[in-house]
Amino acid sequence: MHHKPTSVIDCDIHPAVPGNDALIPYMDEYWQEQFVSRAIGDMDLASYPPSVPLSCRPDWRQVGEKPGVSLASCREQALDKFNCEIAICNPLYGGQVAASGLMAAEVCSATNKWLAREWLDAEPRLRGSIVVASQLPDRAAEEIHRCASDKRFVQVLLLAGNEMLLGRSHFWPIYEAAEKHGLPIGIHAGTMYRYPTSSGMGWPSTYLQDYASGTLLFAAQLQSLITEGVFAKFPDLTFVMIEAGISWVPSFMWKSTKVWFGVRGEVPWVKRSPAAEIRDRVRFTIQPFDTSKDPVRVEKLIEHLGSEDMLLFSSDYPHWQFDGDDPMPPGFPVRLRQKITQENPLRTYPRLKETV
């Protein structure tokens, strides 16, 4: 029998920045002049072409409109349709990939200001992620401190593919600031395109290969966070893998734990097995759901995860990951729907319990 939750907390929706022109009013005077004089304001740093099918479901597309730019459409197609009590906005825009760290930091800060003014102020059900530029961790930490005073911001957002592995101490100022304010670190599918997604063996020649290789980025980052000591250094920090898929996680935990038992003397700060650390400290959004729709196989996957606390409800609106009115993947056990849509998000994001 199909049971739909009475209300849900959606941990991944994507308001789209209309273009650089929309961000210029939120920049300081120097960068405003730079974006105008260099005609950067005429550009659109969209994360991928709006016309590709994945960027928007056909029944959600509006002629002549970039997917995700309309708050009215978001209300109708996602917040109301999915019965969202709360939805967390994860803006994906090109500021994070700029070669100039200073420009990247300014675009990210402007994006956060734009999100607060244009979306969070206008819709009380929305919460935001703090977008930061990983090129300059100290500047990123300053942005976290600035935004953290606004309780509507509930996590810090990074990309899966960066200039180096996220466990390196280079990034620790970001984690320190996030932990101080009780903000999880969201790691979203996407890359700065400094290195190939195919594990350093060269650039993919097709979108299919590039997209499928995204799993390798998440696996590498997760291994880095554990072995470089981030979990030990920041014991109160939670990581959320967004659009990472799920089917690969059980085998990854098994292999990482097997190797750890053999060579754990190299990493004495890793006191517990990688599997135990991941179950306690890492969460995964459920869209895209990259496994079978067979209830028996879904139950087996959850059994292999070894925890019912790891999964978070998400729609990935407006991206095309499912059809119909229910983002919950087929085959999920009824007993888990309440946990995934309410209990797990509330435990993962402490600020969701606070009155804004």
Quiz item: Can you give the Kirkwood hydrodynamic radius for segment 1-119, in Å, rounded to one decimal and based on Cα pairs?
Solution: 15.7
Quiz item: Tally Lys/Arg at +1 and Asp/Glu at -1 over every other residue whose Cβ is under 10 Å from the Cβ of THR285; what's the total?
Solution: -3
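Show me the GluC sites (Glu not before Pro) within segment 93-180 that DSSP assigns to loop and that have at most 14 other Cβ atoms within 10 Å of their Cβ. Don't skip to the end; give the middle numbers.
Values: sites: GLU106, GLU118, GLU142, GLU143, GLU163, GLU176, GLU179; in loops: GLU163.
Taking segment 93-180 and a limit of 14 other Cβ atoms within 10 Å, the loop GluC sites (Glu not before Pro) found are GLU163.
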Exercise. For ARG283, list long-range residues whose amide hydrogen, built 1.01 Å from N in the peptide plane, is under 5 Å from its own amide hydrogen.
Key: PHE239, VAL240, MET241
Practice problem: Scan segment 188-267 for trypsin sites (Lys or Arg not before Pro) in coil per DSSP, keeping those whose Cβ has at most 12 other Cβ atoms within 10 Å, and list them by number. | Solution: ARG194
Practice problem: Just tell me the longest site-free run in the chain, where the sites are chymotrypsin sites (Phe, Trp or Tyr not before Pro) in a DSSP loop having at most 16 other beta-carbon atoms within 10 Å. | Solution: 1-192
Quiz item: Calculated from DSSP H runs of 4 or more alone, at -39500 (n - 2.57) each and per residue, what is the 222 nm mean residue ellipticity of the chain, nearest 500?
Solution: -9500 deg cm²/dmol
Exercise. Rank the residues LEU225, LEU216 as a footprinting-exposure proxy: fewest other Cβ atoms within 10 Å of their Cβ go first.
Key: LEU216, LEU225
Practice problem: In debye, nearest 20, what is the charge dipole magnitude of the chain about its Cα centre with +1 on Lys and Arg Cβ and -1 on Asp and Glu Cβ, if you could check? | Solution: 1100
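Please report, in debye to the nearest 20, how large the charge dipole of segment 95-195 is about its Cα centre when each Lys and Arg carries +1 at its beta carbon and each Asp and Glu carries -1 there. Mind dumping the intermediate values first?
Details: 11 positive and 11 negative charges, 33 e Å.
For this selection, approximately 160 debye.
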Quiz item: Label points 7 Å out from Cα along the Cβ direction at LYS271 and GLU308: separation in nm?
Solution: 2.9
Exercise. For GLN62 and THR6, calculate 0.36 nm times their separation in residues minus their Cα-Cα distance, and state this gained length in nm to one decimal.
Key: 17.3 nm
Self-check item: Backbone N within segment 255-279 under 13 Å of label point (7 Å from ARG335 Cα along the Cβ vector)
Solution: none
Quiz prompt | Inter-label distance, nm, simple model (7 Å from Cα along the C-beta direction), LYS258/VAL52 | solution = 3.3
Quiz item: Amide H neighbours of ASP10 under 5 Å, counting only residues 5+ apart in sequence or on other chains, H built in-plane at 1.01 Å?
Solution: GLU85, ILE86, ALA87, ILE88
Quiz item: Counting only the backbone N, which residues of segment 280-307 are under 19 Å from the spot 7 Å out from the Cα of ASP326 toward its beta-carbon?
Solution: 286-300, 302
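Work out, step by step, the length gained on full extension between ARG194 and LYS180: first 0.36 nm times the residue separation, then minus their alpha carbon distance; give nm to one decimal. List each step's numbers first, then the result.
Details: separation 14, 0.36 × 14 = 5.04 nm, distance 2.99 nm.
Using 0.36 nm per residue and subtracting the Cα-Cα distance, I get 2.1 nm.
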Quiz prompt | Mean shadow area of segment 140-241, taken as a quarter of the surface of its Cα convex hull (nm²) | solution = 6.6
Quiz item: If Lys and Arg each add +1 and Asp and Glu each add -1, what is the summed charge of the other residues whose beta carbon sits under 13 Å from the beta carbon of MET164?
Solution: 0
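Counting DSSP beta bridges in segment 8-353, what percent are antiparallel, to the nearest 5? Intermediate results must be reported in sequence, preceding the final value.
Details: 1 of 27 bridges.
Bridges in segment 8-353 that DSSP calls antiparallel: roughly 5 percent.
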Quiz item: Taking amide hydrogens as modeled 1.01 Å from N in the peptide plane, which residues meet the under 5 Å criterion relative to GLY190, leaving out close sequence neighbours?
Solution: ALA160, GLY161
Self-check item: Sparse-neighbour loop sites [GluC sites (Glu not before Pro); segment 55-91; at most 12 other C-beta within 10 Å; DSSP]
Solution: none
Practice problem: At q = 0.06, 0.11 Å⁻¹, what is the base-10 log of I(q)/I(0) for segment 8-353 according to the Debye formula with one equal point scatterer per Cα and no solvent? Please give it to two decimals. | Solution: -0.20, -0.71
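Two-decimal Rg/Rh of segment 217-356 from alpha-carbon positions, Kirkwood Rh?
Details: Rg = 15.9 Å, Rh = 16.1 Å.
Expressed as Rg/Rh, it is 0.98.
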Quiz item: Between ALA39 and LYS353, what FRET efficiency comes out of the Förster formula 1/(1 + (r/R0)^6) with R0 = 45 Å and r the beta carbon distance, rounded to 0.05?
Solution: 0.50
Practice problem: Rounding to the nearest 20 debye, state how big the charge dipole of segment 6-130 is about its Cα centre with +1 on each Lys and Arg Cβ and -1 on each Asp and Glu Cβ. | Solution: 260
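Each reported figure results from applying straightforward, stated rules to the coordinates on display, with no laboratory input. Note that the structure is a prediction, hence the values are computed from the model and not measured. All Cβ positions, glycine included, derive from the backbone under ideal geometry; neighbour counts span all protein chains shown.
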